[in-house]
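The block underneath contains the structure these notes are about, expressed in structure tokens.
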Amino acid sequence: MLKKFLEKFWSTYEKKYNTALYVTTALFLIQLAHLYWMTTDVVMFRLFGRMFWEVSDFWQMLIALADYTEIPAIITATIFYVHQLRRGFKWRSVLMIIFVNIQWLHLFWITDEIVYAQFTGAALVYLPVWLSWCAIAIDYLEIPVMFDTVRESIKS
């Protein structure tokens with residue numbers, strides 16, 4: 001039963017490949033808003049002691065909405081790269097699956113809110129700063145996936 005379901009799923013995925021690729025790419029490109037905020041508001045504050053983008057309530061809401069698209073982006077990208085592996089083994093696909101799925105660690109362990117509170121001195125419980133930098137580095141692992149899915153979208 002599972003085998004039949006997977007065969008049907010991959011058959012449908014193959015038929016809708018371009019649409020799935022464009023949706024995956026769009027979901028990851030939405031993450032650019034989040035990465036821009038993190039760089040200008042969080043990282044720059046930690047490095048230079050001032051924020052380079054004072055985020056209004058409107059932008060905070062948009063960034064939060066963009067952040068909610070991260071879970072569907074992770075899922076669709078994982079499916080995309082598994083599909084690539086089904087077509088033929090490529091280390092790039094394996095690496096992208098790792099980059100994409102390490103995001104779960106960041107989402108459920110050291111969230112942006114914890115990093116932000118840590119860097120601004122508002123944390124109730126302080127973690128080692130290097131853990132916050134690890135969480136930020138994990139977020140930036142989305143960038144190679146963005147480039148790769150954009151490249152694949154252009155090629156298709």
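Brief remarks on what is shown
- Computed magnitude of the charge dipole of region 52-156 (debye, nearest 20; Cβ of K, R +1, Cβ of D, E -1): 800
- Restricting region 73-142 to trypsin sites (Lys or Arg not before Pro) in coil, as DSSP defines it, with at most 12 other Cβ within 10 Å: LYS90
- Expressed per residue, the C-alpha convex hull volume of region 52-111 stands at 103 Å³.
- Relative contact order computed over the chain (Cα-Cα under 8 Å; 6+ residues apart), in percent: 29
- Sparsely packed loop sites in region 41-139 (the GluC sites (Glu not before Pro) outside DSSP H, G, I, E and B with at most 14 other Cβ atoms within 10 Å) comprise GLU54.
- Estimated at 0.36 nm per residue, the fully extended path between PHE108 and ALA26 surpasses their Cα-Cα distance by 27.2 nm.
- In loop segments of region 51-156 as defined by DSSP, the chymotrypsin sites (Phe, Trp or Tyr not before Pro) with at most 14 further C-beta atoms inside 10 Å of their C-beta are PHE52, TRP53, PHE89, TRP109, TYR126.
- Kirkwood Rh in Å, taken over the chain so that all alpha-carbon pairs contribute: 17.0
Readers should treat all values here as calculations from the given coordinates under stated rules, not as data from a laboratory. Since the model is a prediction, treat every value here as computed from it, not as a measurement. Glycine also receives a Cβ, built like all others from the backbone with ideal geometry; neighbour counts cover every protein chain displayed.
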